[in-house]
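Here's the structure we're looking at; comments come further down.
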Amino acid sequence: MRRRFFVDQVRNGRAEISGDDARHLTRVLRVEAGQRYEISDNRNVYLAEIETARKEHVSFRTLEKLATPAPTVRLVLCAALIKFDHFEWMIEKATELGVSEIVPVETIRSERGLERAAHKRIERWRRIALEASQQSRRAFLPEVSAPVSLDAVLCREATHRFVFDENPSAQLLNAALPAVRSPEDTVVILIGPEGGWTGEERLQFSGASCTPVSLGPLVLRAETAALAALAIVNSAWLLH
């Protein structure tokens, strides 16, 4: 299976990768002129041939446009800010699982200072998503948004909103999935911080048409809950 790379643009059948990304291709992957790979400009995917492979510059010539799989659902992961090593692992794995957008959320129980520091990490997080997209052969990159408040998340338009909660009254996710599902659906998955949601935040959910759901009786880390939720929801729409 061919490797897939993302490029900034395809223009007149040509594309290029430069800088550190090009050095990785030439020094680590040892790409050479004449070799064929797949490239995406985040709009289309192409079969392409390398024309030149220099130290800090790799150029491609497109050969044909390739078919891309039809989307099954738009998945938006709205995850409370947690320690950055855990959050970055979540970004990587959520990207591999097909998330469409990742939205860091500032919550009442998020650690103080994380939101301010997170703004400086956005480019790093987008880089993690890019590398995970290439590894998993995605056709399109997920969006990684700047941190927002919970109020802003609840104002977003969505077909379904599932808020994951350890509250015993929350029903299991599988039981809450809608019978009618469409590829045009937008499903928002809200994951709380390590300390869980507060009573005040739960009141906000009830007023915003959110469905409280659970993944079972075990207490999961935030990043574990996020990935389990994405896998279940994605497969539910895929198999529908």
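Summary table below
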{"read-out": "Given (1) of a type outside the set (S, T, N, Q); (2) more than 15 Å from Glu223 (Cα to Cα); (3) touching a Pro at 6+ places or on another chain (Cβ under 8 Å), index of the condition Ile128 fails", "value": "(3)"}
{"read-out": "Residue among Asp8, Asp20, Asp41 that is open to solvent by 20 Å² or more (accessible area, probe 1.4 Å), farther than 30 Å from Glu194 by Cβ and at pLDDT 95 or above", "value": "Asp8"}
{"read-out": "Subset of the stretch 210-240 that is more than 19 Å from Val103 (Cα to Cα) and polar (S, T, N, Q) - its residue that is most open to solvent (accessible area, probe 1.4 Å)", "value": "Ser235"}
{"read-out": "Qualifying residue in the stretch 106-125 (condition: touching a residue at least 12 places away in the same chain (Cβ under 8 Å) and in a strand (DSSP E or B))", "value": "yes"}
{"read-out": "Among (1) farther than 23 Å from Trp125 by Cα; (2) in contact (Cβ under 8 Å) with a residue 12 or more places away in the chain; (3) over 16 Å from the mean Cα position of the chain (by Cα), the one test that Ile82 misses", "value": "(1)"}
{"read-out": "Within the stretch 172-209, tally of residues that are open to solvent by less than 60 Å² (accessible area, probe 1.4 Å) and in a helix (DSSP H, G or I)", "value": "6"}
{"read-out": "Enumeration of residues in the stretch 47-79 that are within 22 Å of the chain's Cα centre (by Cα) and free of Cβ contacts under 8 Å to residues at least 40 places away in the same chain", "value": "Ala67"}
{"read-out": "Out of Arg2, Arg14, sole residue that is modelled with pLDDT under 95 and not β-branched (Val, Ile, Thr)", "value": "Arg2"}
{"read-out": "Of residues in the stretch 103-133 being among the β-branched types (Val, Ile, Thr), in contact with an Asp or Glu (Cβ under 7 Å, 6 or more places away or on another chain) and open to solvent by less than 80 Å² (accessible area, probe 1.4 Å), the one farthest from Ala152 (Cα to Cα)", "value": "Ile128"}
{"read-out": "Count of the stretch 57-86 residues which are in contact with a Ser or Thr (Cβ under 6 Å, 6 or more places away or on another chain) and outside any strand (DSSP E or B)", "value": "1"}
{"read-out": "Hits in the stretch 146-165 (condition: surrounded by 16 or more Cβ atoms within 10 Å (Cβ to Cβ) and free of Cβ contacts under 8 Å to residues at least 60 places away in the same chain)", "value": "Val148, Leu150, Leu154, His160, Arg161, Val163, Asp165"}
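The values are calculated or read from the model by the stated rules, or taken from the named source; none is laboratory data. Just so it is clear, the structure is predicted and the values come from calculations on it, not from any experiment. Cβ: placed from backbone, ideal geometry, glycine included. Neighbour counts: every protein chain shown. When the accessible area is computed, the model is the full protein with side chains, heavy atoms only, and any ligands, DNA or RNA have been set aside. Shrake-Rupley method; radii C 1.70, N 1.55, O 1.52, S 1.80 Å.
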